[in-house]
Amino acid sequence: MQTVKDEKVVFTFGGGGAEGDRSMKQLLGGKGANLAEMSSIGLPVPAGFTISTEACHYYSSHGGIWPRNLKQSVKDGIHFIEEKMGTRFGDSEHPLLISVRSGAAVSMPGMMDTVLNLGLNDYTVEALMRHTNNERFAYDSYRRFIDMFGCVVMGISHEKFEHALEDLKETQGVEHDTELDTESLKELVDRYKAVYRKATGYMFPDDPYEQLEKAVNAVFESWDSDRAVKYRRINHITGLLGTGVNVQAMVYGNMGDDCATGVCFTRNPSTGENRFYGEFLLNAQGEDVVAGIRTPQDIKALQNVMPDPYRELVGIGKKLEKHYGNMQDIEFTIQKGTLYILQTRNGKRTGHAAIRIASDMVAEGLVEKRHAVKSLVEPGHLDQLLHPQIDQKNSNGNAVIGQGLPASPGAAVGKVVFTSEEAEQAVIDGTPVILVRIETSPEDVGGMSAAEGILTSRGGMTSHAAVVARGWGKPCVAGCGDIIINYENNTFTNGEITIHEGEWISIDGARGTVYQGKKDVVKPELDEDYHTFMTWVDEIRKMRVRTNADTPEDSKRALEFGAEGIGLCRTEHMFFGEERIKAIRKMIVSNSLEERKEALEKLLPYQKKDFTEIFRVMKGFPVTIRLLDPPLHEFLPDEPEEIKKVAGELGIRHSEFAEKVRLLREFNPMLGHRGCRLGISYPEITEMQTRAILGAAIELKKEKIKVIPEIMVPLIGTPQEFRSQKLVINNTAADLFEETGESVEYKVGTMIEIPRAALVADQIARDAEFFSFGTNDLTQMTFGYSRDDAAKFLGEYIKEGILQQDPFQVLDTEGVGQLIEMGTRLGRETKPELKVGICGEHGGEPSSVSFCYEHGLDYVSCSPFRVPVARLAAAQATLK
Ligand code: PEP
Ligand code: MG
């Protein structure tokens, strides 16, 4: 048997030092690296050790076997903790009790399993009782441990333990768990052991080392659990070895009223306000806060109950913020008046908070602008800022049917569903839904991701639903105790009002309000902090960001979002107005060149007007206009009734028109008569479009408005195709300039969206003045996946791990990326000054933007709403 490269697999921390530090996230996981780091800066961290992610990887890739050196290293680790804490594992006098937690390099809230109070058995529980002088607490911990161990380690359903608990409560005639006396808890321990025995066929293990080994295995195995795999898929988390396992001395927040446990943020994670923020529970375990079982108190109340630990906690928060240069999310426990820090990590926050925190931390001198741009705001945060909000001005008369916590801002409107499966299905059917749950668990992440918004009736601001939704920027109202959810009837009620499954509701995640029916939503305002932050982004950014827009309105919006030109104006979108569609249909059904020219003549003024307006908006910035691209049948009707009607409008015989429609249908239209192939068959289309573009430019020149038109030929596969179209464009331009006595500068370039074009890019660059990668088609043709049909199987591919992500969303850097790299390199070998950009959907996706920067592209172009995201992603790419 091999060891993990014969290297260290266990790293100790606590008690005044650590063997690891924060740079070792990949090896120790985020939690392990942080515990080590915190210990090394002198924070009160209970002693422990971390088993490396390499050991987890070894375990999963060797069919569940530990690396050879792990067993002894774990023993040594336990001895280390024993020494630091003055306790012994399994000792009946001074027992050491430990927690076993997972922690991967990327934080995955609620994904991995945790076991607390490990080391308890019939003997150690007695010792715990004596030491704490709290019999009830000892047995309460013991029964919780058996429950957790049974569920997490042995996979027993939690409900079986709950049943035993409910049975006992009923016999005792009590309503709440807390009303059970010690004798009842002892009885409960026996009942839980019986549940364990029945479910597993084994006695509950009383050897602490056996407990530990089984728990470590369960954490290792949770890495490959369905919910963890699903979470990683949804969040595009790849390239990790596994999870670390953190074994640490337990400290207790439930030893009496001088004990507490809580979660706090160094700043408000919803608004970004620089005020200590959080929640705690007196006399409770940490799990109670996170699981939302009891509703916690505001952290400020801690100041009154335990002023010293509160002050120390606030001081540690400041120290950690400075140390990490980021807002922290801290888990703490106070045991008999002594504060322990259990965990700290960069706090998840809303987009609005991210911007405010970045701008405040720079102003407070805590971080540099570059650090703020690199680490304090994620591209997805900007996405959130642009999310719709409930229109407060327009009340619409919708009844308020609940008021909960403002867990994650943004407005969502959808039909009510009560299960994650229904939410996932509804999205496939194209129905917007709100997922309504009593509380959510990691099993729900698929449905949460699919839903427009989430509403829970239980749990606090740090409950699972709240944390996950905030991370995703998904609207969420949590802990809405006003409503009673009935899963059996598929309804929820608030007094007189009953909402059934399928009914519309609206939620306001920024205010915690739930409305009956559909509310109006409005776009958010971008505040001063946002604009300041974006100026820093632009100071750092080197790559340009343009937009894909084909209307003056979109162009205007994109300009407001910071676009520096248009990278793709799809001219076919301009053909859909009533008169225009008629004209293009006339052109399509023409039987002669004359007829076709006549029809195109009608289109010319429309196109010219559109271009004039767009140029006017984009004055001074380059505007790339693409010639007609889609197959012509897209402009014709499908249905027999429609065909008949359109024939009438066009004034041609029904049978003749129906035959034309039939002839234009193609088996593979995406690979058919489209792109430059149309311009080659019908050069008069290219002529008309050239006249419209350059005619518009001439008009503006007369108004002394600077325009930079770039005419782009789509779907080139050979240099000859490009040359033929360029000739038509140049000849038309020459004619137009002669006719008008005016001339303008323009460029002619091409899209690179067919793999062959990337392969012969050196030849194409002889004639082309710019390249723009059309990665939608390039992805389609490189993978051979139809853009329009791939959704049918891509979901399964991703689920099965055949693909890590949808290549139409996130650029396939390994395959399609090679073509981009090659196309750019070959093109610039011929023409060093060649301008190169990207205008496929990937131009607004952060990791793809980063790839484009690394490969020397001059710009990315994306839809208007993604422009800020692309600007930030481009700035972050320069800081990598
Ligand atoms: C592309 O193919 O990437 C592209 C931008 O063009 P379209 O999506 O219009 O085919
Ligand atoms: Mg294309």
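The values are calculated or read from the model by the stated rules, or taken from the named source; none is laboratory data. Keep in mind the model is a prediction, meaning the values are calculated, not measured. Positions of Cβ are backbone-derived with ideal geometry, glycine not excepted, and every protein chain shown enters the neighbour counts. Heads up: the accessible areas ignore ligands, DNA and RNA and are worked out on the full protein's heavy atoms, side chains in. Shrake-Rupley method; radii C 1.70, N 1.55, O 1.52, S 1.80 Å.
With respect to the numbered conditions (1) open to solvent by 10 Å² or more (accessible area, probe 1.4 Å); (2) in contact with an Asp or Glu (Cβ under 9 Å, 6 or more places away or on another chain), which one is the sole condition not fulfilled by VAL9?
For VAL9, the exception is condition (1).
One line per residue, one yes/no per condition, for (1) touching a residue at least 60 places away in the same chain (Cβ under 8 Å); (2) aromatic (Phe, Trp, Tyr); (3) on the phi > 0 side of the Ramachandran plot:
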| residue | (1), (2), (3) |
| --- | --- |
| MET203 | no, no, no |
| LYS214 | yes, no, no |
| LEU240 | yes, no, no |
| GLY244 | yes, no, no |
| ALA249 | yes, no, no |
| TYR252 | yes, yes, no |
| CYS264 | yes, no, no |
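Which residues, counting only those in segment 784-800, are under 24 Å from the mean Cα position of the chain (by Cα) and touching a residue at least 12 places away in the same chain (Cβ under 8 Å)?
ARG787, ASP788, ALA790, LEU794, ILE798, LYS799
Does segment 692-705 contain at least one residue that is part of a helix (DSSP H, G or I), within 16 Å of ligand 1 (Cβ to nearest atom), basic (Lys, Arg) and open to solvent by 10 Å² or more (accessible area, probe 1.4 Å)?
Pass one, segment 692-705, residues part of a helix (DSSP H, G or I): 692-702.
From what's left, within 16 Å of ligand 1 (Cβ to nearest atom): none.
Looking through segment 692-705, none of the residues is part of a helix (DSSP H, G or I), within 16 Å of ligand 1 (Cβ to nearest atom), basic (Lys, Arg) and open to solvent by 10 Å² or more (accessible area, probe 1.4 Å).
So which of MET781, MET822 is within 16 Å of ligand 1 (Cβ to nearest atom) and either open to solvent by 20 Å² or more (accessible area, probe 1.4 Å) or under 19 Å from the mean Cα position of the chain (by Cα) (or both)? Walk me through how you get there before you give the answer.
Details: MET822 fails: within 16 Å of ligand 1 (Cβ to nearest atom).
After applying the criteria, what remains is MET781.
Kindly indicate which of ASP177, ASP190 is within 40 Å of the chain's Cα centre (by Cα) and charged (D, E, K, R). Even if it seems obvious, please write down each step before you answer.
Details: ASP190 fails: within 40 Å of the chain's Cα centre (by Cα).
Result: ASP177 is the single residue among ASP177, ASP190 that is within 40 Å of the chain's Cα centre (by Cα) and charged (D, E, K, R).
Going through segment 726-760 one residue at a time, which ones are within 16 Å of ligand 1 (Cβ to nearest atom) and assigned to a helix (DSSP H, G or I)? Outline the logic, then answer.
Filtering segment 726-760 for residues within 16 Å of ligand 1 (Cβ to nearest atom) gives 749-758.
Hits for segment 726-760 are PRO755, ARG756, ALA757, ALA758.
Any idea how many residues of segment 738-766 are touching a helix residue (DSSP H, G or I) at 6+ places or on another chain (Cβ under 8 Å) and not aliphatic (A, V, I, L, M)?
The total comes to 10.
Can you spot a residue in segment 786-795 that is crowded, with 23+ Cβ neighbours inside 10 Å and more than 16 Å from ligand 2 (Cβ to nearest atom)?
no
Which ones in segment 658-691 are open to solvent by 20 Å² or more (accessible area, probe 1.4 Å) and outside any helix (DSSP H, G or I)?
First, the residues of segment 658-691 that are open to solvent by 20 Å² or more (accessible area, probe 1.4 Å): 658-660, 662-671, 673, 677, 680-683, 687, 691.
Answer for segment 658-691, where residues must be open to solvent by 20 Å² or more (accessible area, probe 1.4 Å) and outside any helix (DSSP H, G or I): ARG665, GLU666, PHE667, ASN668, HIS673, TYR682.
For segment 293-320, how many residues meet the condition of being free of Cβ contacts under 8 Å to residues at least 12 places away in the same chain and of a type in the set (Ser, Thr, Tyr)?
The total comes to 1.
Looking only at segment 800-810, decide whether some residue is surrounded by fewer than 16 Cβ atoms within 10 Å (Cβ to Cβ) and closer than 22 Å to HIS387 by Cβ. Outline the logic, then answer.
Residues of segment 800-810 surrounded by fewer than 16 Cβ atoms within 10 Å (Cβ to Cβ): 800-802, 809.
Right, trim to closer than 22 Å to HIS387 by Cβ and you get 809.
Yes - at least one qualifying residue is present in segment 800-810.
Within segment 353-411, can you find the residues that are among the small types (Gly, Ala, Ser) and not in a helix (DSSP H, G or I)? Spell out how you get there, then give the answer.
Quick first cut of segment 353-411, residues among the small types (Gly, Ala, Ser) only: 353-354, 358-359, 363, 365, 372, 375, 380, 395, 397, 399, 402, 404, 407-408, 410-411.
Passing the criteria: GLY365, SER395, GLY397, ALA399, GLY402, GLY404, ALA407, SER408, GLY410, ALA411.
For segment 221-240, state whether one or more residues are more than 30 Å from SER847 (Cβ to Cβ) and either surrounded by fewer than 22 Cβ atoms within 10 Å (Cβ to Cβ) or not assigned by the TED database to the domain that holds GLU421 (or both). Full working, then the answer.
Residues of segment 221-240 that are more than 30 Å from SER847 (Cβ to Cβ), as a first pass: none.
The answer is no; no qualifying residue exists.
Out of the residues in segment 126-146 that are touching a residue at least 60 places away in the same chain (Cβ under 8 Å) and either hydrophobic (A, V, I, L, M, F, W, C) or not in a helix (DSSP H, G or I) (or both), which is nearest to GLY48 (Cα to Cα)?
Ranking the candidates gives PHE137 first.
Within segment 48-92, how many residues turn out to be part of a helix (DSSP H, G or I), free of Cβ contacts under 8 Å to residues at least 24 places away in the same chain and within 37 Å of the chain's Cα centre (by Cα)?
So the answer is 1.
Any idea which of (1) hydrophobic (A, V, I, L, M, F, W, C); (2) buried (at least 21 other Cβ atoms within 10 Å of the Cβ); (3) out of contact with any Lys or Arg (no Cβ under 6 Å at 6 or more places or on another chain) is the one ALA194 doesn't satisfy?
(2)
Just to verify a result, which residue in segment 472-494, among those that are of a type in the set (Val, Ile, Thr) and over 30 Å from LEU385 (Cα atoms), is most open to solvent (accessible area, probe 1.4 Å)? Reasoning before the result, please.
Pass one, segment 472-494, residues of a type in the set (Val, Ile, Thr): 477, 483-485, 491, 493.
Add one more test, that the residue is over 30 Å from LEU385 (Cα atoms), and what stays is 484-485, 491, 493.
Numbers: ILE484: 114, ILE485: 22, THR491: 15, THR493: 38 Å².
Only one residue tops the list, namely ILE484.
For segment 820-852, name all the residues that are closer than 17 Å to ARG756 by Cβ and touching a Leu at 6+ places or on another chain (Cβ under 6 Å).
Answer for segment 820-852, where residues must be closer than 17 Å to ARG756 by Cβ and touching a Leu at 6+ places or on another chain (Cβ under 6 Å): just GLY827.
Which condition from (1) closer than 30 Å to SER555 by Cβ; (2) more than 16 Å from ligand 2 (Cβ to nearest atom); (3) out of contact with any strand residue (DSSP E or B) (no Cβ under 8 Å at 6 or more places or on another chain) is the one that THR830 breaks?
(1)
With (1) at pLDDT 95 or above; (2) touching a helix residue (DSSP H, G or I) at 6+ places or on another chain (Cβ under 6 Å); (3) not small (Gly, Ala, Ser) as the list, and GLU443 as the residue in question, which single condition is left unmet?
Looking at each condition in turn, GLU443 falls short on (1).
Select from segment 539-566 the residues that are open to solvent by less than 40 Å² (accessible area, probe 1.4 Å) and of a type in the set (Lys, Arg) and list them in ascending order.
Matches in segment 539-566: ARG541, ARG546.
Return the residue satisfying two criteria in turn: it lies in segment 598-657 and is part of a loop (DSSP other than H, G, I, E, B) and within 16 Å of ligand 2 (Cβ to nearest atom), and of such residues it is surrounded by the most Cβ atoms within 10 Å (Cβ to Cβ).
So the residue we want is LEU627.
So, of the residues in segment 712-737 that are over 20 Å from ALA765 (Cβ atoms) and surrounded by fewer than 16 Cβ atoms within 10 Å (Cβ to Cβ), which turns out to be nearest to ligand 2 (Cβ to nearest atom)? Walk me through it before giving the result.
The initial filter retains those residues of segment 712-737 that are over 20 Å from ALA765 (Cβ atoms), namely 731-737.
Still in the list and also surrounded by fewer than 16 Cβ atoms within 10 Å (Cβ to Cβ): 731, 734-735, 737.
Working: ASN731: 26, ALA734: 29, ASP735: 29, PHE737: 30 Å.
So the residue we want is ASN731.
Please find, among PHE149, PHE161, the residue that is closer than 21 Å to MET203 by Cα, part of a helix (DSSP H, G or I) and in contact with a Cys (Cβ under 9 Å, 6 or more places away or on another chain). Can you show your working first?
Numbers: PHE149 fails: in contact with a Cys (Cβ under 9 Å, 6 or more places away or on another chain).
Just a single option satisfies the conditions, and that option is PHE161.
On the given criteria, is ARG756 surrounded by 20 or more Cβ atoms within 10 Å (Cβ to Cβ), in the same structural domain as GLU845 (by the TED database) and of a type in the set (Lys, Arg)? Lay out the reasoning, then the answer.
On the way: surrounded by 20 or more Cβ atoms within 10 Å (Cβ to Cβ): no; in the same structural domain as GLU845 (by the TED database): yes; of a type in the set (Lys, Arg): yes.
No.
Name every residue in segment 567-597 that is open to solvent by less than 20 Å² (accessible area, probe 1.4 Å), in contact (Cβ under 8 Å) with a residue 12 or more places away in the chain, more than 19 Å from LEU694 (Cβ to Cβ) and not in a helix (DSSP H, G or I), in order of residue number.
Within segment 567-597, GLY567 is the sole residue that qualifies.
I'd like the full set of residues that are under 26 Å from ARG866 (Cβ atoms), out of contact with any Phe, Trp or Tyr (no Cβ under 6 Å at 6 or more places or on another chain) and open to solvent by less than 40 Å² (accessible area, probe 1.4 Å), limited to segment 327-358. Steps first, answer last, please.
Taking segment 327-358 first, the residues under 26 Å from ARG866 (Cβ atoms) are 327, 346-358.
Those still in the list that are out of contact with any Phe, Trp or Tyr (no Cβ under 6 Å at 6 or more places or on another chain) too: 327, 346, 348-354, 356-357.
Passing the criteria: MET327, ARG349, THR350, GLY351, ALA353, ALA354, ILE357.
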